[in-house]
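The values are calculated or read from the model by the stated rules, or taken from the named source; none is laboratory data. Values in this document were obtained by computation on a predicted structure and should not be read as measured data. Cβ sites come from the backbone with ideal geometry, for glycine too, and all protein chains shown count toward neighbours. The protein model used for the area step is the full one, side chains on, heavy atoms only, and it has no ligands, DNA or RNA in it. Shrake-Rupley method; radii C 1.70, N 1.55, O 1.52, S 1.80 Å.
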Amino acid sequence: MSETDSTRTSPPPVLPEGSPETAGSYEGSPPPGSAGARGVGSPKQRSDQGDDSSPKTASAALPRRFSSDEASRPVADSLRTGGAYGGEPLNRAGPSFVPFSGVPGGMESAFKDNEQELLIPPLNFGRVCRGVYRSGFPGRKNFTFLQKLALHSVLNISEHDFPDDTLKFFEENNVSWKQIKVAGNMEPFLTSDEDVLRQALTEVLAATAQRPLLIHCTKGTHRTGCVVGCLRKLEEWSLTSIFDEYRRFAGSKVHILDQQFIEFFTPSADHRKLARRTANLR
């Protein structure tokens, strides 16, 4: 054998695939014992590192389940014991829903004490001019609001009488009142009496010493709207502006006969005299 043949390196033996010697020797594989070489390496390496190739049960892989009683405990139990939001985290699946049971504790009595201080205006309340207001029929819940107005007089042009508690309120607060029953326009069968509406307008103009004055009907829309519309004609408003104000209070329940009455209304000489005398009050 020549010297060249003796120094030539023989090719490495071909080992069968899957033998311990070939494990991890192919290109691109992680070295034995690394985090990516799970399940490879010698049996001794696997025993030292712990065999991760053994199957795991479903109970070991899933988070702990909680019983219905444990998951439904209210958050308040944990708050009282210094749990969630007050120290250590909540030791359950999550905060359960606590239904709203009304006014928070200690505040219900405060609401009852201040109930009389709530200011609730009557239906369709509005200001007509200085010292004159309009609205629907005032009720018991509106008494505190009416006290703030310091009313001197009330003109009721509806067909309903005042109840006893309202009359007592007027007496206790020195409020004078008068009722002129005006029939509403219910086309096409009923129309308002023009003479009665003129009388109501005269009361509004003449009540200079009895202001602040509140004029109202049942809902504060149609009959009150007719009286206010006639007053606007004395103030020389345009019909467009008068009807716009009427519609804002009547909403979708506009009565054509009401607008016709306002359009054809002609103030009397007494109305004009009262209007001139009280012009500085409006």
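Key figures for this structure:
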item: Accessible solvent surface per residue of the range 174-282, calculated while the other protein chains remain in place, 1.4 angstrom probe, Å²; result: 53 Å²
item: Subset of 148/253; 141/219; 148/168; 178/219 violating a 20 Å alpha-carbon distance limit; result: 148/253
item: FRET E, pair residue 118, residue 168, Förster distance 30 Å, beta-carbon r, rounded to 0.05; result: 0.90
item: Label-point separation in nm, residue 140 to residue 178, each point 7 Å along Cα→Cβ; result: 3.0 nm
item: Label-point gap, in nm, between residue 191 and residue 241 - each point 7 angstrom along Cα→Cβ; result: 2.8 nm
item: Estimated D of the range 130-210 in µm² per second, where Rh is the Kirkwood radius over Cα pairs and Stokes-Einstein applies at 10 °C, 1.306 mPa s; result: 114 µm²/s
item: Per-residue HN-Hα couplings for the range 219-231 [Karplus 6.51, -1.76, 1.60; θ = phi - 60°; Hz; x = Gly/Pro]; result: 10, x, 10, 8, 5, 5, x, 5, 5, 5, x, 5, 5
item: Residues whose placed amide H lies under 5 Å from that of residue 132, excluding near-sequence neighbours; result: 213
item: Proximal charge balance of residue 250 [Cβ under 12 Å; K/R count +1, D/E count -1]; result: +2
item: Estimated FRET transfer efficiency when R0 is 41 angstrom, pair residue 266-residue 127 (beta carbons, to 0.05); result: 0.95
item: Heavy-atom accessible surface of the range 210-265: percent carbon and sulfur, 1.4 Å; result: 52 percent
